[in-house]
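Step one of this worksheet: look at the structure below.
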Amino acid sequence: MDGDRTRGQLETRGLRLEYLTIAWNTIEMFVSIGLGIASRSLALVAFGLDTMVELFASGVVVWHLRHPGRDSDHITAQALRLVAGAFFFLALVVTAGALWAISTSATADESPIGIAYLALTVVVMLSLGAAKRATGVRLGSEPLAAEARMSIVDAALAGGVLIGLAVNAMLGWWWADPLAALLVGLAAVHEGIENIEEANELSKPAD
């Protein structure tokens, strides 16, 4: 009985953390893309696209936590593959945009507000990611733990984009902006592959 109550509390905590993530990322999406368009910063737009993908991933985790068959390896593997697909889609879009920016030497304007917002995002996403990872490990929820890594990667990406924008503003290195966007794509591919591997492990028939 106590075990069921504890598990229920962890599932509720996980859902609340995902709802907080969805709320923050909805705001972040509009702010990042809006500031990116205003300053012609590919990295900020790419970060906004990353946020859209994370919204989808959070939705997958909410679906999994509320699914009657959430303890099934099949359902868990399906959730992990959906999250992986989100990562791969992000990598494709962001990499294409970064290569276009490099080939055309597109230059971003300074964005002090964007830099400040990215600094705040690093703190928020690290906090949410750490809380979701701890909850996912205690609950034994692979999709929640995987999505927690996405939040932590999101924080790292925000830091990378922040550095790129700052370098561009201070030194005029126009290529720092698309380079930061490329890092977004590389990190997304890495996480997508890890999720696919976890899903494949769960899908292996029992000996």
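Please treat every number below as a calculation from the coordinates, not as lab data. These numbers come from a predicted model, not from an experiment. Here the Cβ is made from the backbone with ideal geometry for all residues, glycine too, and neighbour counts use every protein chain on show.
Take each peptide in 84-91, 45-52, count the other Cβ atoms within 10 Å of every residue, and average; sorted highest first, the result is 45-52, 84-91. Considering only Val153, Ala91, His190, the residue lying farthest towards the positive end of the dipole of segment 79-207 is Val153, judged by Cα position with unit charges set on Cβ.
Just add up the charged neighbours of Ile152: K/R +1, D/E -1, any other residue whose Cβ is under 14 Å from the Cβ of Ile152.
Working: positive: Lys132, Arg133, Arg149; negative: Asp50, Glu54, Glu147, Asp154, Glu191, Glu194.
Counting the neighbours of Ile152, the net charge comes to -3.
A straight line joining the Cα centroids of segment 1-54 and segment 83-99 runs 17 Å. In segment 1-77, a dipole from Cβ-located charges (positive for Lys and Arg, negative for Asp and Glu) runs towards its positive end, and of Ser39, Gln9, Ala57 it is Ser39 whose Cα lies farthest in that direction. Annotation note: chymotrypsin sites (Phe, Trp or Tyr not before Pro) in segment 118-199 located in DSSP loop regions with a Cβ neighbour count of at most 13 within 10 Å are Trp173. For the chain, modelled as a GNM whose springs connect Cα atoms under 10 angstrom apart, the maximal fluctuation among Thr95, Thr104, Thr21 occurs at Thr104. Over segment 2-202, Cα pairs under 8 Å with separation of 6+ residues give a relative contact order of 29 percent.
Annotation for Leu120 and Ile37: the two label points, set 7 Å from Cα along the Cα-Cβ direction, are 2.0 nm apart.
In order along segment 157-162, the Karplus-derived 3J(HN,Hα) couplings, from 6.51 cos²θ - 1.76 cosθ + 1.60 at θ = phi - 60°, round to 5, 4, x, x, 5, 4 Hz, and Gly and Pro are given as x. As a calculated quantity, the FRET efficiency between Val189 and Ala134 at R0 = 22 Å, using C-beta atoms, amounts to about 0.25. Taken along the Cα-to-beta-carbon direction at a fixed 7 Å, the label points for Arg66 and Thr6 span 2.7 nm.
The overall shape of segment 61-153, judged from the alpha-carbon gyration tensor, is oblate: a/c is not under 1.5, and a/b is no greater than b/c. 3J(HN,Hα) along segment 113-121, derived from phi through the Karplus expression 6.51 cos²θ - 1.76 cosθ + 1.60 where θ = phi - 60°, amounts to 5, x, 5, 5, 5, 5, 4, 5, 4 Hz, with x in place of Gly and Pro.
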